[in-house]
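Visitor: Shown below is the structure under consideration.
The values are calculated or read from the model by the stated rules, or taken from the named source; none is laboratory data. Fair warning: this is a prediction, and the values are worked out from it, not measured in the lab. Reconstructed Cβ throughout: ideal geometry from the backbone, glycine too, with neighbour counts over all protein chains shown. These area figures cover heavy atoms from the full protein model, side chains too; ligands, DNA and RNA do not enter into them. Shrake-Rupley method; radii C 1.70, N 1.55, O 1.52, S 1.80 Å.
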Amino acid sequence: MSSEAITSTDNAVFALQNVRYLYNDRQLALDGIDLTIQRGEQVVLLGANGSGKSTLLKLLDGIYTPSAGTMHVLGQDIKTATTGEEAFRFHQEIGLVFQDPDIQLFSATVFDDVAFGPLQMGLSQREVKERCDEALELMEITHLARRAPFELSGGEKKRAAIASVLSLKPEVILLDEPTAALDPRTKWVLVNLIRKLGEAGKTVITTTHELEIVPVIARRILVMGENRSILADGTPNRSCTTANY
Amino acid sequence: MNTTSSQGSVKKTYRRQFGWIEKTIAGIAAAIEQAVFTEEHSRQPGLLQALDPRAKLAMFLVVVLAASLSNSLVALPCLYLVLLLLARLSKVPFDFFIRRVWIGIPFFAGIVILPSVFVTSGPRLFDIALGALHFGPSSASLLSGTIFIARVGVSVSLAVLLILTTPWSDILKSLRAFHVPQIFVLLLSMTYRYIFLFLHSANGMFEARKSRTVGRSSGQEQRGWVSGSMSHLMNRSFKMSNDVYAAMAARGFQGEVRSYNAYRMTAQDWLALVLACLLAVLIFCIGRYVL
């Protein structure tokens, strides 16, 4: 990927300039984040535990708003994009899969969880059903639709959590450690699904600690440092070497 | 001999020490197992499982009402036989169905009804004298006690049958048909969902405690640990509630609850509902006008 593509903000999904975020207005979580992500990019966020990867994803998803700096999402200021009518468009375009699937699966059945997003968008019952069936089929969990989340294994929960976001048909998918604590087979099934999403033209941003999956799912790597800022940004090999990761 | 006795006392102490932890772990595991068992049965290809959950809930309410209004010692056992037949056709294990209802019911219902059986006026079957006070059951009080226990047994059997043949999520959604507010249904459904998560957390904490406890701890230490665990779980649940809200907001939730309703009442559901209503009328009439 050329450096022009990385720095240009014309087609940017996210454009962050000198962004800083403080937990409870006190504890520094992110500092001096300058980042532009283009539509259709597949990016991996690497970094040590506590370096701010998950916080950055929540910031990109509009759950947190920057304490300082400017942030534009889909060409709009984040504060405008996540309020009122614009919030619907925002959540249709950007979907976040949380690290802990138990947080994401809050309904009584898998189907209800997958249907939650489309229902909030005000879609008709028929459209909701179609979207849910499609997402469940894509994640190969149609047979689990009527199951309660507490009956699922770790891998099944991860798939259900991803399906609950895919049913929104977002253009941008944020995945927080999607392969953590999974057996090798389930992990590679998910990795292939993430790769396919990228090939389908979606913007996919994934945080992970598993370096072996990085070349499969990303063309660009961001390495977060312990100083809560981005240490390196570039192609997989170059970024890891620069950041000594 | 002495060694054996001292070993015995150590064993006894050990048992006393870990009894409460093991009991708690076993209780939590049993609750989870019970829920999984119930959910599995509700997916069996049986007669009641095939019905619309709203129809089942309405049938349940109608028949429970009839059972609680019935005074007949003929109608209630007949109704119970119908329930046994329905349980059989719905592939509900007989032993579980009968045990679940009749092990606790006579005891709890008996405690409630006992004073009114023994404190009676008029002719008694036998007399128990406690100083100046005289107690004893009359044939009428025994009959009303038996009817009360039969009513409770039939009503609880109906509830167990409903729960074993309907997933919890469907029962909760059916409440919407009876105009229970959507927010109430959502809260109940989330409570049901997260109870299991916290049961797992609590189980993990108890198991971790058990694996690291070697010596004997005092009652004060144990109470301290239990209260510490409670506050830890409380903090976790508070953090999780914030995270869950964030996850809901990330999918577009803005305070208005919407739910998916895929239920369609078929001719079979209407027929079952009509039959349940007829059965309820029959039970009521037998009690009032026949026996």
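Visitor: Which of the following residues is in contact (Cβ under 8 Å) with a residue 12 or more places away in the chain, closer than 22 Å to B:Pro93 by Cβ, of a type in the set (Val, Ile, Thr) and open to solvent by 20 Å² or more (accessible area, probe 1.4 Å): B:Ile32, B:Ile25? It would help to see each step written out before you state the result.
Guide: On the way: B:Ile25 fails: closer than 22 Å to B:Pro93 by Cβ.
On inspection, the qualifying residue turns out to be B:Ile32.
Visitor: Something else now. With the requirement that a residue be over 23 Å from B:Ala31 (Cα atoms), of a type in the set (D, E, K, R) and surrounded by 16 or more Cβ atoms within 10 Å (Cβ to Cβ), what does the range B:171-223 give you?
Guide: Residue satisfying the conditions is B:Arg176 alone.
Visitor: Do we have B:Leu143 as within 31 Å of the chain's Cα centre (by Cα), at negative phi and open to solvent by 80 Å² or more (accessible area, probe 1.4 Å) here?
Guide: Yes.
Visitor: Quick check on this structure: which one of A:Phe14, A:Phe90 is in contact (Cβ under 8 Å) with a residue 12 or more places away in the chain, under 30 Å from B:Val257 (Cβ atoms), of a type outside the set (Ser, Thr, Tyr) and surrounded by 14 or more Cβ atoms within 10 Å (Cβ to Cβ)? Give the steps one after another, and end with the answer.
Guide: Numbers: A:Phe14 fails: under 30 Å from B:Val257 (Cβ atoms).
Just a single option satisfies the conditions, and that option is A:Phe90.
Visitor: Now for a separate question. Give the range A:107-133 a look and list any residue that's farther than 25 Å from B:Glu39 by Cα, more than 8 Å from every other protein chain (Cβ to nearest Cβ) and touching a residue at least 24 places away in the same chain (Cβ under 8 Å), or say none.
Guide: Listed by number, the residues that qualify are A:Pro118, A:Arg131.
Visitor: Across the range B:176-196, what is the number of residues that are touching a residue at least 12 places away in the same chain (Cβ under 8 Å) and facing chain A (nearest Cβ under 10 Å)?
Guide: Pass one, the range B:176-196, residues touching a residue at least 12 places away in the same chain (Cβ under 8 Å): B:176-178, B:182-183, B:185-186, B:188-190, B:192, B:194, B:196.
Cutting the leftovers down to facing chain A (nearest Cβ under 10 Å) gives us B:185-186, B:188-190, B:192, B:194, B:196.
Looking only at that region, the number is 8.
Visitor: Give B:Leu47, B:Leu85 a once-over and let me know the one that is more than 30 Å from B:Thr191 (Cα to Cα) and modelled with pLDDT of 85 or more.
Guide: Working: B:Leu47 fails: more than 30 Å from B:Thr191 (Cα to Cα).
On inspection, the qualifying residue turns out to be B:Leu85.
Visitor: Assess whether B:Ile163 counts as being among the hydrophobic types (A, V, I, L, M, F, W, C), open to solvent by less than 60 Å² (accessible area, probe 1.4 Å) and touching a Pro at 6+ places or on another chain (Cβ under 7 Å). Outline the logic, then answer.
Guide: On the way: among the hydrophobic types (A, V, I, L, M, F, W, C): yes; open to solvent by less than 60 Å² (accessible area, probe 1.4 Å): yes; touching a Pro at 6+ places or on another chain (Cβ under 7 Å): no.
When the stated conditions are applied, B:Ile163 does not pass them.
Visitor: Being under 20 Å from A:Leu96 (Cβ atoms), modelled with pLDDT under 90 and open to solvent by 60 Å² or more (accessible area, probe 1.4 Å) is the filter here, so list the residues in the range A:121-165 that pass it.
Guide: Hit for the range A:121-165 is A:Leu138, nothing else.
Visitor: Please determine, by comparing only the residues of the range B:258-278 that are hydrophobic (A, V, I, L, M, F, W, C) and free of Cβ contacts under 8 Å to residues at least 60 places away in the same chain, which one is least open to solvent (accessible area, probe 1.4 Å). I'd like the intermediate steps shown before the answer.
Guide: Here is the first cut: in the range B:258-278, the ones hydrophobic (A, V, I, L, M, F, W, C) are B:262, B:265, B:267, B:270-278.
Keeping just the survivors that are free of Cβ contacts under 8 Å to residues at least 60 places away in the same chain gives B:262, B:267, B:271, B:274-275, B:278.
Values: B:Ala262: 61, B:Ala267: 82, B:Leu271: 106, B:Val274: 79, B:Leu275: 99, B:Leu278: 107 Å².
Result: B:Ala262.
Visitor: For the subset of the range B:95-122 comprising residues that are open to solvent by 50 Å² or more (accessible area, probe 1.4 Å) and within 12 Å of B:Ser157 (Cβ to Cβ), which member is modelled with the highest pLDDT?
Guide: Result: B:Ile98.
Visitor: Restricting to the range B:279-291, and then to whatever is modelled with pLDDT under 90 and over 27 Å from the mean Cα position of the chain (by Cα), can you tell me which residue is least open to solvent (accessible area, probe 1.4 Å)? Explain how you work it out, then say what you get.
Guide: Of the residues in the range B:279-291, the ones modelled with pLDDT under 90 are B:283-291.
Adding the requirement that they be over 27 Å from the mean Cα position of the chain (by Cα) leaves B:285-291.
Working: B:Cys285: 49, B:Ile286: 41, B:Gly287: 15, B:Arg288: 125, B:Tyr289: 171, B:Val290: 106, B:Leu291: 114 Å².
The qualifying residue least open to solvent (accessible area, probe 1.4 Å) is B:Gly287.
Visitor: From the residues in the range B:258-291 that are in a helix (DSSP H, G or I) and aromatic (Phe, Trp, Tyr), which one is nearest to A:Val165 (Cα to Cα)? Walk me through it before giving the result.
Guide: First, the residues of the range B:258-291 that are in a helix (DSSP H, G or I): B:267-290.
Now narrow it down to the ones that are aromatic (Phe, Trp, Tyr): B:270, B:284, B:289.
Working: B:Trp270: 37, B:Phe284: 52, B:Tyr289: 60 Å.
Top of the filtered list is B:Trp270.
Visitor: If I filter the range A:70-87 down to residues being among the β-branched types (Val, Ile, Thr) and open to solvent by 50 Å² or more (accessible area, probe 1.4 Å), which single residue comes out as nearest to the other protein chains (Cβ to nearest Cβ)?
Guide: Residues of the range A:70-87 among the β-branched types (Val, Ile, Thr): A:70, A:73, A:78, A:80, A:82-83.
Now narrow it down to the ones that are open to solvent by 50 Å² or more (accessible area, probe 1.4 Å): A:70, A:80, A:83.
Numbers: A:Thr70: 22, A:Thr80: 16, A:Thr83: 10 Å.
For the range A:70-87, the residue satisfying everything is A:Thr83.
Visitor: Can you pull out the residues in the range B:162-174 that are part of a helix (DSSP H, G or I) and within 14 Å of B:Ala55 (Cβ to Cβ)? Give the steps one after another, and end with the answer.
Guide: As a first pass, look at the range B:162-174 and keep what is part of a helix (DSSP H, G or I): B:162-165, B:168-174.
Scanning the range B:162-174 gives B:Leu162, B:Thr165, B:Asp170, B:Ile171, B:Lys173, B:Ser174.
Visitor: Among A:Gly50, A:Gly122, which is over 27 Å from A:Val223 (Cβ atoms) and among the small types (Gly, Ala, Ser)? Give the steps one after another, and end with the answer.
Guide: Working: A:Gly50 fails: over 27 Å from A:Val223 (Cβ atoms).
Only one candidate passes the filter, namely A:Gly122.
Visitor: With A:Ser107, A:Ser67 as the choices, which residue is polar (S, T, N, Q) and surrounded by fewer than 19 Cβ atoms within 10 Å (Cβ to Cβ)? If you could, list the steps in order and put the result at the bottom.
Guide: Working: A:Ser107 fails: surrounded by fewer than 19 Cβ atoms within 10 Å (Cβ to Cβ).
On inspection, the qualifying residue turns out to be A:Ser67.
Visitor: Given the range A:46-140, what helices (runs of 4 or more DSSP H) lie entirely inside it while holding 1 or more residues that are among the polar types (S, T, N, Q) and touching a helix residue (DSSP H, G or I) at 6+ places or on another chain (Cβ under 7 Å)?
Guide: Correct list: A:78-81, A:101-104.
Visitor: Looking at the range A:188-215 only, could you name the residues that are in contact with a Phe, Trp or Tyr (Cβ under 9 Å, 6 or more places away or on another chain) and open to solvent by 10 Å² or more (accessible area, probe 1.4 Å)?
Guide: Taking the range A:188-215 and keeping what is in contact with a Phe, Trp or Tyr (Cβ under 9 Å, 6 or more places away or on another chain), we get A:203, A:205, A:211, A:213.
Scanning the range A:188-215 gives a single hit, A:Leu211.
Visitor: Do we have B:Tyr263 as modelled with pLDDT under 80 and not basic (Lys, Arg) here?
Guide: no
Visitor: Taking the conditions exactly as written (more than 14 Å from chain A (Cβ to nearest Cβ), assigned to a loop (DSSP other than H, G, I, E, B) and loosely packed, with under 13 Cβ neighbours inside 10 Å), does B:Gly255 satisfy them or not?
Guide: no
Visitor: Separate question: Assess whether B:Met240 counts as being at the interface with another protein chain (Cβ under 7 Å from one of its Cβ atoms), assigned to a helix (DSSP H, G or I) and touching a residue at least 12 places away in the same chain (Cβ under 8 Å).
Guide: Working: at the interface with another protein chain (Cβ under 7 Å from one of its Cβ atoms): yes; assigned to a helix (DSSP H, G or I): yes; touching a residue at least 12 places away in the same chain (Cβ under 8 Å): yes.
When the stated conditions are applied, B:Met240 passes them.
Visitor: Let me spell it out: the conditions are (1) crowded, with 18+ Cβ neighbours inside 10 Å; (2) more than 8 Å from chain B (Cβ to nearest Cβ); (3) touching a strand residue (DSSP E or B) at 6+ places or on another chain (Cβ under 8 Å), and A:Leu96 meets all of them except one. Which number is the exception?
Guide: Result: A:Leu96 fails condition (2) only.
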